[in-house]
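I have placed the structure first, in the form of structure tokens, so that the comments after it can refer back to it.
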Amino acid sequence: MILKDRVAIVTGGAQGIGRAIVDKFAAEGAAVAVADINREGAEGAAAAQPNAIGLGVDVSDPAAVERMVADTVKRFGRLDILVNNAAIVPFTAWDDVDFAEWRRIMAVNLDGVFLTSRAASDEMRKAGYGRIVNVASNVIVAGTPNLAHYVAAKGGVFGFTRALATELGKYGITVNSVAPGLTETEGVLASPHAAAFDFVQSLQAIPRRGVAADIAPSVAFLASEEAAWVTGSMLVVDGGHTRH
């Protein structure tokens, strides 16, 4: 169990990749705070684990993020790991992206990463230990139509990851990112992105659809002691889609 007795927050943990991360962390021995805008979903995901709590959290709300960290520490005594997975995945042609939608995507997908990292790292610095893993996306490498604001936000997540790793290393905190490719989740299957699976699969070195359980082990590795000498890095997990 590579995360035995660790305490983690996973944002966007009610379904999809986030839920797979919650399940993997619990299987590896971690106590988990499942944070999601969908409180009922977060509580359901937590109820399936032996040592977890579900929290309704809007990661773009500074006060809600502070409460998330405080509630986690109150319940488990400390905070070792933060996984920034919460995100909105839009599907909007560039000509239709107005400033309100641009700001909505940035507020959750990038501002949220700042807010949670600020609150969590303040707590981690007290202990001189921490792991922050940000879920980015391979679209920042490949570029994808109808996702300009999402690509911009996820590119910001990667840049922020590298900068924050530099800032926090001296406190015993590592900061890394995982960049999934198109992944078969409930949200993707219910969106226009599902139509891209066959095309994306044709570009991959591994010719099958990626699933959420393909992503979670990489996040667990970066959150563990096995990655103690890894920081400021991005691990691309996309079946070889962006190898070229």
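Can you go through 203, 182, 189, 168 and tell me which one is farther than 17 Å from residue 21 by Cβ and modelled with pLDDT of 95 or more?
Working: 203 fails: modelled with pLDDT of 95 or more; 182 fails: modelled with pLDDT of 95 or more; 189 fails: modelled with pLDDT of 95 or more.
Exactly one residue qualifies, and that residue is 168.
From 92, 144, 174, which residue is in contact with a Lys or Arg (Cβ under 6 Å, 6 or more places away or on another chain) and on the phi < 0 side of the Ramachandran plot? Reasoning before the result, please.
On the way: 92 fails: in contact with a Lys or Arg (Cβ under 6 Å, 6 or more places away or on another chain); 144 fails: in contact with a Lys or Arg (Cβ under 6 Å, 6 or more places away or on another chain).
Of the residues listed, the single one that is in contact with a Lys or Arg (Cβ under 6 Å, 6 or more places away or on another chain) and on the phi < 0 side of the Ramachandran plot is 174.
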Task: Members of the stretch 121-134 found to be on the phi < 0 side of the Ramachandran plot and either surrounded by fewer than 19 Cβ atoms within 10 Å (Cβ to Cβ) or over 17 Å from the mean Cα position of the chain (by Cα) (or both), listed by number - done: 122, 123, 124, 125, 126, 127, 129
TODO: Within the stretch 210-229, count every residue that is over 16 Å from the mean Cα position of the chain (by Cα), assigned to a loop (DSSP other than H, G, I, E, B) and either closer than 19 Å to residue 25 by Cα or of a type in the set (Asp, Glu) (or both).
DONE: 1
Open item on the list: If I filter the stretch 125-135 for residues that are under 27 Å from residue 55 (Cα atoms), touching a residue at least 40 places away in the same chain (Cβ under 8 Å), among the hydroxyl-bearing types (Ser, Thr, Tyr) and part of a strand (DSSP E or B), do I get at least one hit?
Closed with: no
TODO: From the list 79, 55, pick out the single residue that is touching a residue at least 24 places away in the same chain (Cβ under 8 Å) and on the phi < 0 side of the Ramachandran plot.
DONE: 79
TODO: May I ask you to say which residue of 42, 64 is modelled with pLDDT of 95 or more, assigned to a helix (DSSP H, G or I) and either more than 17 Å from the chain's Cα centre (by Cα) or at positive phi (or both)?
DONE: 64
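Return a yes/no flag: does the stretch 135-158 have any residue that is over 17 Å from the mean Cα position of the chain (by Cα), over 26 Å from residue 238 (Cα atoms) and crowded, with 18+ Cβ neighbours inside 10 Å.
Keep residues of the stretch 135-158 that are over 17 Å from the mean Cα position of the chain (by Cα), which gives 141-149.
The next check asks that each one be over 26 Å from residue 238 (Cα atoms); those that pass are none.
No, the conditions are met nowhere in the stretch 135-158.
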Task: Unmet requirement for residue 163, which otherwise passes all of (1) aliphatic (A, V, I, L, M); (2) more than 30 Å from residue 92 (Cα to Cα); (3) surrounded by fewer than 15 Cβ atoms within 10 Å (Cβ to Cβ) - done: (2)
Task: Within the stretch 87-104, considering residues that are at pLDDT below 95 and under 19 Å from the mean Cα position of the chain (by Cα), the one farthest from residue 17 (Cα to Cα) - done: 90
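Out of the residues in the stretch 40-81 that are acidic (Asp, Glu) and closer than 17 Å to residue 14 by Cα, which is surrounded by the fewest Cβ atoms within 10 Å (Cβ to Cβ)? Reasoning before the result, please.
Of the stretch 40-81, the ones acidic (Asp, Glu) are 40, 43, 58, 61, 66, 71, 80.
Adding the requirement that they be closer than 17 Å to residue 14 by Cα leaves 40, 43, 58.
On the way: 40: 11, 43: 17, 58: 18.
Restricting to residues being acidic (Asp, Glu) and closer than 17 Å to residue 14 by Cα, the top hit is 40.
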Open item on the list: Quick check on the stretch 30-39. Is at least one of its residues part of a helix (DSSP H, G or I) and surrounded by fewer than 23 Cβ atoms within 10 Å (Cβ to Cβ)?
Closed with: yes
Open item on the list: Cβ-Cβ distance below 6 Å, separation of 6 or more or different chains: which pairs start in the stretch 164-176 with a residue that is among the polar types (S, T, N, Q) and end on one that is buried (at least 23 other Cβ atoms within 10 Å of the Cβ)?
Closed with: 174/131; 176/133; 176/222
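The values are calculated or read from the model by the stated rules, or taken from the named source; none is laboratory data. Because the structure is predicted, anything quoted here is derived from the model rather than measured. As a convention, Cβ positions derive from the backbone with ideal geometry for all residues, glycine included, and neighbour counts pool all protein chains shown.
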